[in-house]
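Laboratory data are not the source of any read-out in this text; all were calculated from the coordinates shown. Because the structure is predicted, anything quoted here is derived from the model rather than measured. When we count neighbours, we look across all protein chains shown, and the Cβ atoms used for this are built from the backbone with ideal geometry, even at glycine.
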Amino acid sequence: MEPVLRLQDVSKAFPGVQALRGVQFDVRAGEVHALLGENGAGKSTLIKIVSGVYRPDSGSIVLDGQPVQLHSPHEAQRAGIATIYQELLLFPELTVAENIFMGHAPRRAWGGIDWRAAATGARQILASLDIHDLDVEAPVGALSVGNRQRVEIAKALSQKARILIMDEPTAALTQADVERLFAIVRRLRERGVGVVYISHRMAEVFALADRVTVLRDGAYVGTRDAAQTGEGELITMMVGRTIDQLFPKSDVPIGMPVLEVEDLSLAGVLDGVSLTVRAGEIVGLAGLVGSGRSELAQTIFGIAPATSGTIRVAGELVRIDSAATATRLGIAYVPEDRATQGLIRPMRIRENLSLAVLGELARRWFVDRAAEMRLAEDAIRRFSIRAPGPEQIVGKLSGGNQQKVVLGKWLATKPRVLIMDEPTRGIDVGAKAEIHRLMTELAGQGLAILMISSELPEVLGMSDRVLVMREGRLVAELPRADATQEAVASAMMRTAKAA
Ligand SMILES: Nc1ncnc2c1ncn2[C@@H]1O[C@H](COP(=O)(O)OP(=O)(O)OP(=O)(O)O)[C@@H](O)[C@H]1O
Ligand SMILES: [Mg+2]
């Protein structure tokens, strides 16, 4: 079958990096084509070329058998190529219908926009995707992440997209939202849309994809039929070596309580949360988005100080009224929203990595450059951060590599308590295994780790104990042996509204 879209021999360089070298890729009507590769392999660059954001240095793009030039995202859209980026590009104060028809709304005879027709059209498109619970008159800003994404998909369809590109669409979704997204993607496939799907989660790739293309270091490695290949083969193609274990949690001796939280409340957000994390222990914190997991982390870390309750660190009662106090007490927090809370994007890798330990690196008025450099080189090696060197500007790194920099920054503080919010979101399989190994290693050294994760396999694989939050409270505590997928998922959802 002749593909709808074909890329031939495409190359693209950025200063200091050959992001793509002679890559080929094609998309057929009615298939889901997954694009895999480690962080920095060139996936986002490839789809930005397809969606008119970047021009290739060389190579060609063939659409319906005709070579085309895509000079802008607008041109790509007109050619039927729609892209859903990880940062959703909706207008929060406009309604669902207004967002869907932004820029191409139905017109009245005299030229004015016909918002009633737009609302009807929006309802029809959503219904065709089996979405019936979205109010098209509601402002998008009030919607959950999952619903916002559904609006983006509807928007793409309203523009008659024949190719829909999704760059890590499930990274910020809950399990329930992921299921709904899959149903929508399958429906699009039946309708003949070609879907390009980027994800670091292997289970998703096998659940959805018809074909899989792997990139490594900007080069094309190969394309396989998903039904005729296995996870092991794809991982080997991606990393060029075999990775035997994804969740290497090994038993380490559990010591004294390091973090003890009792009856912690934050008005309207957290309701009487008590928990303990011991030295050497990894405690997983599961829950739906909005259940209060990140808020709990931020309260312990002093970003949103508690309205009542107590916190003990290593047995001592402490008052944490700011992040600086928490850091001084040996608590580190790797936030979920790394783009805004974790990094200074215009600064270098070296500078970002030393941010949390400047006090130690400073000698009188000057930062110890040599120490800073050692720290940076060590982190680049330890987390396999893909970058030309410590002087690279962080904003220019691929998504996953930015996350590794944040992790490195907080681990440099040598904390006693480490709170990680979605520690491997967007991180490739190789680095993910590295981070899990590192967590086990840190636990082995007596660190107390509280890990928030929306990925159940990660929670179940890494935790000594699983806590489940719902609506601002802890609703379940399961020792490793009892923490099955069903037990955790049912505690997460028991009375949650299907919103
Ligand atoms: N605007 C840019 N300026 C400089 N370098 C860039 C730019 N965009 C991407 N790169 C570099 O190009 C390479 C490929 O990056 P890309 O974002 O395509 O990777 P990716 O496969 O999407 O990775 P991830 O899984 O981490 O999102 C990386 O080395 C990245 O640092
Ligand atoms: Mg990317």
* Structure fact -> From the cross-link list 396/432; 155/396; 409/432; 43/404, the entries with a Cα-Cα span beyond 23 Å are 155/396
* Which value in Å does the Kirkwood hydrodynamic radius of segment 107-250 take, with 1/r averaged over all unlike C-alpha pairs and then inverted? -> 17.6 Å
* Structure fact -> Other residues with Cβ under 14 Å from the Cβ of residue 210 give, with Lys and Arg +1 and Asp and Glu -1, a net charge of 0
* To do: Let me have the 222 nm mean residue ellipticity of the chain computed from DSSP H runs of 4+ only, each contributing -39500 (n - 2.57), with the sum over all residues rounded to the nearest 500.
  => -9500 deg cm²/dmol
* **Residue (of 141, 394, 274) at the positive-pole extreme of the chain, dipole from beta-carbon charges** => 394
* To do: Report the percentage of all Cα-Cα pairs in segment 314-432 whose separation exceeds 17 Å, rounded to a whole percent.
  => 56 percent
* Using only Cα atoms, what Kirkwood radius does segment 365-499 have, in angstroms? -> 16.8 Å
* Asked: Dividing the Cα convex hull volume of segment 203-334 by residue count, how many Å³ per residue is that?
  -> 166 Å³
* How would you classify segment 278-381 from its alpha-carbon gyration tensor, with a ≥ b ≥ c the square roots of the eigenvalues: rounded for a/c under 1.5, else prolate if a/b is greater than b/c, otherwise oblate? -> prolate
* To do: Express in nm, to one decimal, how much length is gained between residue 159 and residue 104 on full extension, taking 0.36 nm for each residue of separation and deducting their alpha carbon distance.
  => 19.0 nm
* Where both partners of a DSSP beta bridge lie in segment 257-493, what percent of those bridges are antiparallel, to the nearest 5? -> 55 percent
* Asked: What's the local net charge at residue 24, with K and R +1, D and E -1, over the other residues with C-beta under 10 Å away?
  -> -1
* Would you calculate the separation in nanometres between label points at residue 227 and residue 66, each defined as 7 Å from the Cα along the Cα-to-beta-carbon direction? => 3.4 nm
* Asked: Rounded, prolate or oblate: which one fits segment 5-239, using the alpha carbon gyration tensor with axes a ≥ b ≥ c (rounded when a/c is under 1.5, else prolate when a/b beats b/c, else oblate)?
  -> prolate
* Going by the alpha-carbon gyration tensor, a ≥ b ≥ c the square roots of its eigenvalues, is segment 105-160 rounded (a/c under 1.5) or, if a/c is not under 1.5, prolate (a/b greater than b/c) versus oblate? -> prolate
* Based on the mean of other Cβ atoms within 10 Å per residue, sort peptides 392-398, 468-474 so the most packed one is first. => 468-474, 392-398
* Fewest-first ranking of 263, 464, using other Cβ atoms within 10 Å as the exposure measure -> 263, 464
* Note, ³J(HN,Hα) from phi for segment 121-128, Karplus 6.51, -1.76, 1.60, rounded to Hz, x at Gly and Pro -> x, 4, 4, 5, 4, 5, 5, 5
* Asked: If the chain between residue 18 and residue 55 were fully stretched, how many nm would it gain, using 0.36 nm times the residue separation less the Cα-Cα distance?
  -> 11.9 nm
* Structure fact -> Here, residue 358 and residue 328, labelled 7 Å along Cα→Cβ, have an inter-label distance in nm of 1.7 nm
* Structure fact -> In whole angstrom, largest first, the equivalent ellipsoid semi-axes that the Cα gyration tensor gives for the chain are 39, 28, 22
